[in-house]
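Comments concern the structure below.
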Amino acid sequence: MEIMGKPEELQELKVKKPDDDKEGKLSQKTTTEKAKWSNSIEFLVSCITLSVGLGNVWRFPFTALQYGGGTFVIPYTIIVILVGKPLYYLEILLGQFSSKGCIKVYDMAPAVRGIGFGQCICTVIVLSIYASVMALTIRYFLASFGDPLPWSLCKAEWNTTCVDSSLKMGNFSGANAKSSAELFFIKDILKEANSIENGLGVPNWQLVVCLIVAWCIIGLVLIRGIQSSGKVAYFLAIFPYIVLIILLIRSVTLEGAINGILYFIIPDLNKMFDAELWYAAVTQVFYALGICFGSIIMYSSYNRFDQNVYRDVNIITTMDYMTSLLAGLIIFGILGHLAHVMGIEDIQQVTTSFMGLAFIAYPEAISKFDYIPQFFAIVFFLMLFSFCIGSNMGMANCILTTIRDRYPKIMCWKIVLAIVVFGIMIGIFYTTPGGQYLINLLDFYGASFVALILAIIELITVSWIYGVDRFCRDIEFMLKRKTSAYWRICWKFITPFIMISILLYFLATWKALTYQGQEYSTGMHMFGWCISLLGLLQLPLWMIYAIYKQTHETIIQRIKAAFKPNKNWGPCDHEIRERYEHFILSWRTHRKP
């Protein structure tokens, strides 16, 4: 991200004296410098590349397929409006107002700093998963140079009923039939095992090499820091839509595509009250928008203090939602065609690999191009690679910024090297024949489940501990605009009520996690719960620490002080801080009782 801009955009941020913040032991250099985006458009397109990415074109389609297509779209739409947009706006406001990352932003109340640490753990897990998707993208990109495309034709060694993905018309009846694109992904790319009863297996060396390349690319981006993403974001925000529109035109013109599209549009109202469906909608919104993982807060902390983020939020969330629907139309159009070719009526029976759906359906459509399908395959996987860069860049920068804020004296390249090595070590497990089983487990226990609980605590912190009225007062000072009833009601009542209700209903109707119809062993579930506790225990541990640090005599006084809003929390810039304090005095004077 190029941080060069105008002189007024590069003001040094003066901070509180050490007495005001006993834990703020940063050096003079690190506490007085806070770079900014060179202009507001760079922030906007960078947020688009962060939020509009793998969560939309990779995760949304397979989640929609798992939960009934159109049956999933309705709760997803409701959650976007009542949960996604309010949380996205709230996190951008928090970062811009405080100019702090996802750890120190929660200094608004000392007892809740564990939210930030928990979100960082979730981010590490999601980043490791997305980096593995990036490795798959590189592997497919290299395969795209083959003539014919390696996934377009069946192979004898697969030893199963197969349908050529290059087939454009006709019917093929077979109860266990699979497309060559699916079999190529499962048998050639993943070499996936039927179960993990005997362990994860030996890593696939080809995927390991691609994983190392992926992390090296992420590392190069990190070394340049946030300065390397701004200009690139313009390309990353525009190029993918050109490719997606081409694929949409191709998919809807395939024979039988209309059946898949109708399945994606028409809901089954009888399944609308399934708790698992609504839980999946909430977690999908988190993934699609990138909320509750700390990256949005980190990005907005580099904003100019008076940036019009209200406009940005509406643009980003709308684009994000429409991109998910666009990806859904493409995928389900292709699935409808596959069902037609195979003679299958149930769309869900077309493929068994939900996690890798994007690496099946998109290549399926490309293999049906009449002219130079290799070119379109190369362009598509370049597009998917750009999505990987956008998503991984935000999360990786969030981790880097968090570590550097805590340990400013450590050289940047050393932290980057540690992140890359750690990422490769974790990612190697994903390249094994049982890797997809592990990804599914970590996705549920380490990210989705933990992120939902942390999001609830985040909302309660801002809306009830810090207070909606106080937060809206801060917004009015920063943006020079009143906060509408929609945001106030959502932050204080509707959004937390929906998320708490879904969480409780989901826990009450708990179902054992499965992958492709297979239940995990007790040991794997215990491992999953350990990962969940690693994120969730940050809340009570930092709460106890905050209570211990208070100087009051009784335990009740210490607890109250730990949860009391920090009066020193607010703008970092000295001049803005002075104006803010005058504004507060005026606000209190004219506030109606």
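Computed with a 1.4 Å probe over protein heavy atoms only, the accessible area of F97 comes to about 0 Å². Let me have the relative contact order for the chain, percent, based on Cα pairs under 8 Å that are six or more residues apart. Once normalised by length, the contact order is 31 percent. When peptides 508-519, 181-192, 252-263 are sorted by average Cβ neighbour count within 10 Å, with the highest value leading, the order is 181-192, 252-263, 508-519. Once the Cα-Cα distance is subtracted from the 0.36 nm per residue extended length, the K187 to I544 segment shows a gain of 123.5 nm. Taking the alpha-carbon centroid of each part, what is the distance from segment 150-165 to segment 55-92 in angstrom? Each part reduced to its Cα centre gives a spacing of 34 Å. Computed over the Cα atoms of segment 337-476, pair by distinct pair, the Kirkwood hydrodynamic radius stands at 19.9 angstrom. Each principal axis of the Cα cloud of segment 519-580 was evaluated for its coordinate range; sorted largest first, these ranges are 59, 34, 13 Å. Given R0 = 56 Å, the distance between the Cβ atoms of T551 and K482 translates into a calculated FRET efficiency of 0.90.
With all pairs of different C-alpha atoms in the average, the Kirkwood value for the hydrodynamic radius of segment 465-523 is 14.8 Å.
Zone of M425 (label point 7 Å along Cα→Cβ, backbone N under 18 Å): which residues in segment 496-532? Zone members listed by number: 531.
Report the Stokes-Einstein translational diffusion coefficient (µm² s⁻¹, integer) for segment 58-166, Rh taken as the Kirkwood radius over Cα pairs, at 25 °C with viscosity 0.890 mPa s. Present the calculation step by step, with values, prior to reporting the outcome.
Values: Rh = 18.6 Å.
Rounded, D is 132 µm²/s.
Measuring from centroid to centroid over Cα atoms, what is the spacing of segment 419-454 and segment 266-334 in Å? If we compute the Cα centre of each part, the gap is 21 Å. Filter the cross-link list K271/K368; K155/K511; K85/K480; K85/K409 down to pairs whose alpha-carbon distance in this structure exceeds 28 Å. Over 28 Å apart, Cα to Cα: K271/K368; K155/K511; K85/K409. Across segment 434-443, rounded Karplus estimates of 3J(HN,Hα) from the backbone phi angles (6.51 cos²θ - 1.76 cosθ + 1.60, θ = phi - 60°) give x, x, 5, 4, 5, 4, 4, 5, 5, 4 Hz, Gly and Pro being marked x. Histogrammed with a bin width of 10 Å, the alpha carbon distances of the chain distribute as 3, 17, 28, 26, 15, 7, 3, 0, 0 percent, first bin at zero.
How would you order 486-495, 464-473 from highest to lowest mean count of nearby Cβ atoms within 10 Å?
On the way: 486-495: 18.5, 464-473: 16.7.
Output ranking for 486-495, 464-473: 486-495, 464-473.
Note on W529 and H590: the extension gain reaches 16.9 nm, defined as 0.36 nm multiplied by sequence separation minus the Cα-Cα distance. For C162, the amide hydrogen comes within under 5 Å of the amide hydrogens of K178, counting only partners 5 or more places away or on other chains and with H modelled in the peptide plane.
Pairs of Cα atoms nearer than 8 Å and 6+ residues apart set the relative contact order; for segment 87-138 it is 20 percent.
The values are calculated or read from the model by the stated rules, or taken from the named source; none is laboratory data. If you're wondering where the values come from, they're calculated on a predicted model, not measured in any experiment. Positions of Cβ are generated from backbone atoms using ideal geometry, with glycine treated the same way; all protein chains shown enter the neighbour counts. Each accessible area value is taken on the protein alone, full model and side chains, heavy atoms only, with ligands, DNA and RNA left out. Shrake-Rupley method; radii C 1.70, N 1.55, O 1.52, S 1.80 Å.
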